[in-house]
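One structure is given below, encoded as structure tokens.
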Amino acid sequence: MPDDNLILENFLPYRLMRLSEAVSREFAKAYHDRYGLTRPEWRVFATLGQYGTMTATAIGAHSAMHKTKVSRAVAALEKRKWLERETNPADRRVERLTLTKAGRAAYRAMVPVARDFEAKLLSRIEGRDAQRVLDGLAVLRCAIEAS
């Protein structure tokens with residue numbers, strides 16, 4: 001019998017997508033329960049917390065989110081008064097986004113929650129396998145970026 005079927009459960013892109021989705025859902029409980037953030041809101045929030053000021057386009061590229069999701073997340077964070085916009089005087093179509101004082105305080109409070117989640121997740125992996133997973137992800141990222 002020819003091997004002309006693709007077994008999704010063994011197909012690396014499918015496995016990575018399922019794993020990523022499962023980890024994201026589990027982590028979402030931490031920030032949704034605490035702050036009521038959606039996943040796109042968390043991604044915008046965390047990206048601005050790390051990098052400071054960015055445009056929505058840059059956030060979308062960094063977080064691999066569609067511009068519509070970024071726009072909705074920006075609006076939600078602005079409504080919460082965690083984010084502010086500043087129009088670029090040279091090009092009024094471009095807005096620089098940054099966290100407000102309240103947004104930065106919430107970000108600082110969220111960093112330990114994220115680190116704790118990561119530590120607990122990695123602690124479920126025995127021995128040196130946790131480092132092997134991290135190394136494997138880095139190798140895979142380099143392989144994708146090299147292509």
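The values are calculated or read from the model by the stated rules, or taken from the named source; none is laboratory data. Predicted model, so just to flag it, every value in this text is computed and none were measured. Methodologically, a virtual Cβ is constructed for each residue, glycine included, from the backbone with ideal geometry; neighbour enumeration extends over all protein chains shown. Side chains are part of the model used for accessible areas, which takes the heavy atoms of the whole protein and leaves out ligands, DNA and RNA. Shrake-Rupley method; radii C 1.70, N 1.55, O 1.52, S 1.80 Å.
Of note:
- Computed helical MRE - 222 nm, the chain, DSSP H runs ≥ 4 contributing -39500 (n - 2.57), nearest 500: -22500 deg cm²/dmol
- When the alpha carbon coordinates of the stretch 1-56 are projected onto the principal axes, the ranges are 56, 27, 14 Å, largest first.
- Whole-percent carbon and sulfur share, accessible surface of the stretch 22-145, 1.4 Å: 53
- Options Met110, Ser147, Ser123, ranked by Cα towards positive dipole end of the stretch 99-147, top entry (Cβ charges): Met110
- The stretch 72-133: radius of gyration over Cα atoms, expressed as a fraction of 2.2 N^0.38 Å: 1.71
- Rounded to the nearest 20 debye, the dipole size of the stretch 63-147 about its Cα centre is 460 debye, using +1 on the Cβ of Lys and Arg and -1 on the Cβ of Asp and Glu.
- Alpha-carbon spread of the stretch 102-147, three principal axes, descending order, Å: 41, 31, 8
- Centroid-to-centroid, using Cα positions, the stretch 1-59 and the stretch 110-129 are 17 Å apart.
- The share of alpha-carbon pairs in the stretch 39-89 lying farther apart than 14 Å comes to 43%.
- Accessible area (Å², per residue) of the stretch 1-73, counting only protein heavy atoms and a probe of 1.4 Å: 69
- Note on Asn10 and Leu122: with the Förster distance fixed at 22 Å, the Cβ-Cβ geometry gives a FRET efficiency of about 0.35.
- Charge dipole magnitude, Cβ of K and R +1, D and E -1 - the stretch 1-65, Cα centre, debye nearest 20: 340
- Its Cα centre serving as origin, the chain has a Cβ charge dipole (Lys and Arg +1, Asp and Glu -1) of approximately 840 debye.
- Pairs of alpha carbons in the chain separated by more than 23 Å make up 49% of all such pairs.
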